[in-house]
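The values are calculated or read from the model by the stated rules, or taken from the named source; none is laboratory data. Just so you know, these numbers come straight off a predicted model, no measurement behind them. Cβ: placed from backbone, ideal geometry, glycine included. Neighbour counts: every protein chain shown. SASA here: full protein model, heavy atoms, side chains in, ligands and nucleic acids out. Shrake-Rupley method; radii C 1.70, N 1.55, O 1.52, S 1.80 Å.
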Amino acid sequence: MNLISDRTALINTENAFKVGPYIVALENAGHKVVKCNLGEPDFPLPVHVREEVKAQLDKDNTHYCDPQGVLGLRQAVAKYIGDARGIKITAEQVVVFPGGKPPIGLCQQVYCNPGDEIIYPSPGFPIYESFINYVGAIPVPLHLREELGFSFTGADLEKLITPKTKLIYINFPSNPTGGVATPEQLEEIADVIKRKCDPNVRIYSDEIYENILFDGAKNYSIASVEGMQERTIIATGASKSYSWTGGRVGWAVFPTVEEALLFKNLNINYFSCLPPYNQEGAKVAIESPKSKASIAEMNSAFMRRRDFVVDALNNMPGVTCQLPKGAFYVFPNIAGVVKDMGIDKAFAALPEDVQKTTSPSTLFQMFLLWNYYVATMDRKSFGQIGTENMHYLRLSIATGIDDLKLGMERMAKAIDDKAGFAKFIENHEHFA
Ligand SMILES: Cc1ncc(COP(=O)(O)O)c(C=O)c1O
């Protein structure tokens, strides 16, 4: 008898959480690690939100509450999501979750039967792919095109749609690429969906980075395109916009009240409700005019860092990096480094079972971490299927500028250290 169910072996993970213990080990050994791996803004929770949470605690607002989310927060979400996208939403369509992450997997449980196909961006947030085998559905990666600013066309999507397609994830501004869609792109994508998909196919529009935008870019939602609101789930939350990843407040807007109630029931089954004091804090975050200023301050810091890091990366031999228009990541192409440093050859010479656990970009990521103390994420952390010959890293710019300067110096040295890399391979440690 096996202890663990077969199903449990089918779920994958988010590697960003795996790198943490490696960093701790290096720090315990006395090294200063530059953390370009983090997916959370490095700013404090805005004071007005903090004060509201404290006031709620003082009022003893610490008991069970509505499993769908407290009404005041749902009303605030309905208004701001609706106003920003030019659509009408009611509080009954909104469900509050512990962060932006839970509705990703819950939607696969609610909408997909075994054998249904799920289309998702690759590179993309790892949880889209991670859940698919777990629910018995079939993963269909939609490979984003670097030459289109890490986006895709309607024709790219059309090729993947079949009668079995049930759920399609899109994510702009994108993690990990920072790509932002134009209204024209979204209209083209929507046109394909309306032509090719049954009305019961759901589009999951992950807009968690909706407020983190540069160079005057705007967040356009596919739900704003005519005929799309009734097929689209809009998911966002408080984690990124208000630098509040530990608050665990996110929300999704469903096309119908009936669907929202199914998710409310899942909430009841899984966790009953979210801490009401944090939900009230999130309501203030959404409604207070002060939030505009805190977001603007964060974005201008991200933009300065982005300009510095992208420039530094493009000056490294073998690296090319686009200028992202949103989120707080840069996604350099390191194919030249993989070739020049002989990483591809070193990978090809590894035993097959070791190859399965790593990739050329993972080897460079690990070399950079263990020998030069710069933590980044590899391409494989953002979707694994069909990515064997894709060599990228994700660097988060949610780290202070002095650390970023140090990180870029170290990375330039690492790229120049062929002998060090050869030794790293010889040691046969830390390959993943
Ligand atoms: C695209 C995307 N969606 C969802 C999430 C989850 O956010 P949360 O921390 O609110 O669960 C993240 C977090 O990194 C993300 O990048």
Q: Hey, can you tell me all the residues within the stretch 8-19 that are within 14 Å of the ligand (Cβ to nearest atom) and in contact (Cβ under 8 Å) with a residue 12 or more places away in the chain?
A: THR13, GLU14, ASN15, ALA16, VAL19
Q | PHE308 being part of a helix (DSSP H, G or I) and more than 16 Å from the ligand (Cβ to nearest atom) | A | yes
(Q) Can you confirm whether LEU26 is within 30 Å of PHE367 (Cβ to Cβ), open to solvent by less than 30 Å² (accessible area, probe 1.4 Å) and touching a residue at least 24 places away in the same chain (Cβ under 8 Å)? (A) yes
Q.
Checking ASN37 against (1) of a type outside the set (Asp, Glu); (2) away from the ligand (no atom under 16 Å from the Cβ); (3) part of a loop (DSSP other than H, G, I, E, B), only one condition comes out false. Which one?
A. (2)
**Q.** Residue identified as within 30 Å of SER396 (Cα to Cα) and of a type in the set (Asp, Glu) among GLU52, GLU92
**A.** GLU52
Q | Residue pairs meeting the criteria (Cβ under 6 Å; at least 6 apart or on separate chains; first farther than 15 Å from PRO176 by Cβ, in the stretch 118-145; second assigned to a strand (DSSP E or B) and not hydrophobic (A, V, I, L, M, F, W, C)) | A | ILE132/PRO139; ILE138/GLU117; VAL140/GLU117
**Q.** When residues of the stretch 203-232 are limited to those that are of a type in the set (Phe, Trp, Tyr) and under 15 Å from the mean Cα position of the chain (by Cα), the one farthest from the ligand (Cβ to nearest atom)
**A.** TYR204
(Q) Going by what's in this entry, would ILE170 be described as within 15 Å of the ligand (Cβ to nearest atom) and either under 30 Å from MET303 (Cβ atoms) or open to solvent by less than 10 Å² (accessible area, probe 1.4 Å) (or both)? (A) yes
Q.
Against the condition closer than 25 Å to ASN175 by Cα and of a type in the set (Val, Ile, Thr), how does ILE286 come out, does it pass?
A. yes
Q: Might you check whether a residue that is under 20 Å from THR245 (Cα atoms) and aliphatic (A, V, I, L, M) occurs anywhere in the stretch 56-69?
A: yes
Q) Is it true that LEU350 is aliphatic (A, V, I, L, M), part of a helix (DSSP H, G or I) and either out of contact with any helix residue (DSSP H, G or I) (no Cβ under 6 Å at 6 or more places or on another chain) or surrounded by 18 or more Cβ atoms within 10 Å (Cβ to Cβ) (or both)? A) no
Q: For residues that are open to solvent by 10 Å² or more (accessible area, probe 1.4 Å), within 13 Å of ALA414 (Cα to Cα) and of a type in the set (Phe, Trp, Tyr), tally how many sit in the stretch 365-401.
A: 3
(Q) For the list (1) more than 30 Å from THR162 (Cα to Cα); (2) within 15 Å of the ligand (Cβ to nearest atom); (3) open to solvent by 10 Å² or more (accessible area, probe 1.4 Å), I need the number of the one condition that PRO102 fails. (A) (1)
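If you scan the stretch 195-234, which residues turn out to be of a type in the set (S, T, N, Q) and over 19 Å from THR162 (Cα atoms)? Can you show your working first?
Taking the stretch 195-234 as the starting set, the residues that turn out to be of a type in the set (S, T, N, Q) are 200, 205, 211, 219, 221, 224, 229, 232.
Once the filter is applied, which keeps residues that are of a type in the set (S, T, N, Q) and over 19 Å from THR162 (Cα atoms), the stretch 195-234 yields SER205, ASN211, ASN219, SER221, SER224, GLN229.
Working carefully through the options GLU146, GLU158, GLU184, GLU188, find the one that is touching a helix residue (DSSP H, G or I) at 6+ places or on another chain (Cβ under 7 Å) and surrounded by fewer than 18 Cβ atoms within 10 Å (Cβ to Cβ).
Working: GLU146 fails: touching a helix residue (DSSP H, G or I) at 6+ places or on another chain (Cβ under 7 Å); GLU184 fails: touching a helix residue (DSSP H, G or I) at 6+ places or on another chain (Cβ under 7 Å); GLU188 fails: surrounded by fewer than 18 Cβ atoms within 10 Å (Cβ to Cβ).
When all the criteria are applied, what remains is GLU158.
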(Q) Any residue in the stretch 375-386 that is farther than 17 Å from LEU363 by Cβ sitting within a Cβ distance under 6 Å of a residue that is of a type in the set (Asp, Glu)? List the pairs, counting only those 6 or more apart or interchain. (A) GLY383/GLU129
Q: Please tell me if THR358 is in contact with a Cys (Cβ under 8 Å, 6 or more places away or on another chain) and assigned to a loop (DSSP other than H, G, I, E, B).
A: no
Q | Among the candidates ASN267, ASN278, residue that is touching a Pro at 6+ places or on another chain (Cβ under 6 Å), of a type outside the set (D, E, K, R) and surrounded by 15 or more Cβ atoms within 10 Å (Cβ to Cβ) | A | ASN267
Q. Does ALA235 satisfy being more than 16 Å from the ligand (Cβ to nearest atom) and either free of Cβ contacts under 8 Å to residues at least 60 places away in the same chain or in contact with a strand residue (DSSP E or B) (Cβ under 8 Å, 6 or more places away or on another chain) (or both)?
A. no
Q. Can you tell me how many residues in the stretch 211-247 are among the charged types (D, E, K, R) and surrounded by 24 or more Cβ atoms within 10 Å (Cβ to Cβ)?
A. 1
